[in-house]
Amino acid sequence: MPFAAVLALAAGLGLAAPHAAAQTFRSEAVTLEAEILADGLAHPWGLAFLPDGAALVTERPGRLRLFRDGLLSEPVAGVPPVAATGQGGLLDVAVAGDFARSGTVFLAYAEPGDGGAGTAVARARLVQEDGRPRLDDVRVIYSMPRKTGSGRHFGSRLVVAPDGTLFVTIGDRGEQDRAQDARDAAGSVLRIATDGSVPADNPFRDRADALPELWSIGHRNPQGALWDPVTDALWTVEHGARGGDEVNRPAPGGNYGWPVVSYGRHYSGARIGVGSQAPGYRPPLYHWDPSIAPSDAVVYDGAMFPEWRGDLLVGALKYQLVSRLKRDASGAIIGEERLLEGAFGRIRDIDVAPDGSVWLLSDKPDGEIVRLTRAG
């Protein structure tokens with residue numbers, strides 16, 4: 001079936017609920033208009049745009065929805081089993097670069113298995129059957145080897161790089177020392193091919209004491225990740241403990257210090273490791289103290305807000321805001337503006353739509369898709 005048929009969904013697949021009138025918010029350089037496009041989503045976690053501007057949205061309990069023309073579909077069939085416990089469940093979604101031809105999508109999720117759960121990545125093809133979307137040819141292309149009963153720190157952002165490889169972030173699973181063990185996937189960024197194989201130029205591939213899929217280690221819980229066109233590199237955003245949330249640019253083979261170094265402290269107030277810096281560990285490009293509990297991040301490259309072009313937009317859970325990290329022409333972070341504080345609750349996901357608008361997901365039992373446009 002031609003993939004174009006996937007996007008021709010009947011109106012009966014969902015209902016456009018009435019929403020409150022748009023709100024306006026002042027920023028430093030522009031007035032924003034915020035509109036709720038959809039609600040009733042159970043802890044929405046990830047969003048990915050399709051080529052025509054429709055979007056796939058995940059719900060943490062294990063549902064995937066298609067949002068198109070103001071309508072939310074019924075749950076998409078074919079999602080693999082997820083461990084919806086603690087911070088786990090169905091998490092991120094990404095679209096392959098050749099999606100218009102192949103219909104390929106990727107899902108990151110907490111996978112149940114022996115010993116508990118662990119982060120996994122599945123590849124599937126989005127198709128239409130009897131007027132309804134479903135996933136076909138679902139294959140698990142990565143499964144975290146060591147699963148545990150912890151419900152914390154799954155990480156789980158996906159980034160499709162320009163070379164076609166797939167970056168996957170994984171948290172330390174609440175067991176901090178695992179982040180310094182290169183034989184363990186916890187607390188790392190992975191790089192795999194889209195079939196799950198290991199690229200020949202991965203930095204740990206030829207080491208006997210490391211997993212070949214590793215790209216970098218020493219991460220606590222990276223829940224934001226993006227490919228930055230300004231620096232032509234992967235950037236991540238990760239949770240600290242009490243303070244010490246970080247923005248990093250993971251270099252191949254780099255060690256980002258957790259839990260040996262951190263700008264934060266344990267929740268008890270105790271010092272973490274040896275302090276904020278030490279030889280052999282790469283410092284963050286930016287950190288927050290106190291913690292904002294950052295979630296997803298995106299570099300703004302749209303046309304609607306030229307004042308923000310090249311800046312990083314970061315969602316925050318604790319402070320319930322969007323942090324705009326201002327950057328210079330080289331990509332260096334030079335300042336911060338905080339937007340929408342408390343307006344929509346915990347911001348879990350942030351994306352730039354094809355038209356340049358900014359879309360947010362609010363993380364709550366009755367979660368929303370919020371669209372930011374230029375007022376007037």
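The values are calculated or read from the model by the stated rules, or taken from the named source; none is laboratory data. Since we're looking at a predicted model, the values are computed, not measured. With ideal geometry, Cβ positions are generated from the backbone for all residues, glycine too; neighbour counts draw on all protein chains shown. The accessibility values were calculated without ligands, DNA or RNA, using every heavy atom of the protein model including side chains. Shrake-Rupley method; radii C 1.70, N 1.55, O 1.52, S 1.80 Å.
Which condition from (1) touching a residue at least 24 places away in the same chain (Cβ under 8 Å); (2) surrounded by fewer than 16 Cβ atoms within 10 Å (Cβ to Cβ) is the one that GLU336 breaks?
Checking GLU336 against (1) touching a residue at least 24 places away in the same chain (Cβ under 8 Å); (2) surrounded by fewer than 16 Cβ atoms within 10 Å (Cβ to Cβ), the one that fails is (1).
Say we look at the range 75-101 and pick out the residues that are closer than 18 Å to ALA48 by Cβ, among the small types (Gly, Ala, Ser) and open to solvent by less than 30 Å² (accessible area, probe 1.4 Å); which of these is nearest to the chain's Cα centre (by Cα)?
Taking the candidates together, the pick is ALA94.
In the range 114-123, is there at least one residue being at pLDDT 95 or above, of a type in the set (Ser, Thr, Tyr), farther than 28 Å from ILE36 by Cβ and open to solvent by less than 10 Å² (accessible area, probe 1.4 Å)?
Yes - at least one qualifying residue is present in the range 114-123.
Looking for whichever is in contact with a Lys or Arg (Cβ under 6 Å, 6 or more places away or on another chain), within 19 Å of GLY46 (Cα to Cα) and not acidic (Asp, Glu) here; the options are GLY151, GLY89, GLY97, GLY115. Which one fits?
Being in contact with a Lys or Arg (Cβ under 6 Å, 6 or more places away or on another chain), within 19 Å of GLY46 (Cα to Cα) and not acidic (Asp, Glu) holds for just one of GLY151, GLY89, GLY97, GLY115, which is GLY89.
Quick one: how many residues across the range 21-31 are in contact (Cβ under 8 Å) with a residue 12 or more places away in the chain, part of a strand (DSSP E or B) and open to solvent by 50 Å² or more (accessible area, probe 1.4 Å)?
Matching residues across the range 21-31 total 2.
For the range 248-256, state whether one or more residues are closer than 18 Å to ASP296 by Cβ and open to solvent by less than 20 Å² (accessible area, probe 1.4 Å). Lay out the reasoning, then the answer.
Narrowing the range 248-256 to residues closer than 18 Å to ASP296 by Cβ: 248-250.
Filter again for open to solvent by less than 20 Å² (accessible area, probe 1.4 Å), leaving 248, 250.
Yes, the range 248-256 has at least one match.
Among the residues of the range 185-197, how many are touching a residue at least 40 places away in the same chain (Cβ under 8 Å) and assigned to a loop (DSSP other than H, G, I, E, B)?
Adding up the residues that qualify gives 6.
May I ask you to list the residues in the range 32-69 that are on the phi > 0 side of the Ramachandran plot, open to solvent by less than 30 Å² (accessible area, probe 1.4 Å) and at pLDDT 95 or above?
Applying the first criterion (on the phi > 0 side of the Ramachandran plot) to the range 32-69 yields 40, 43, 53, 62, 69.
Checking which are open to solvent by less than 30 Å² (accessible area, probe 1.4 Å) leaves us with 53, 62.
If the condition is that a residue be on the phi > 0 side of the Ramachandran plot, open to solvent by less than 30 Å² (accessible area, probe 1.4 Å) and at pLDDT 95 or above, then GLY62 is the only one that fits.
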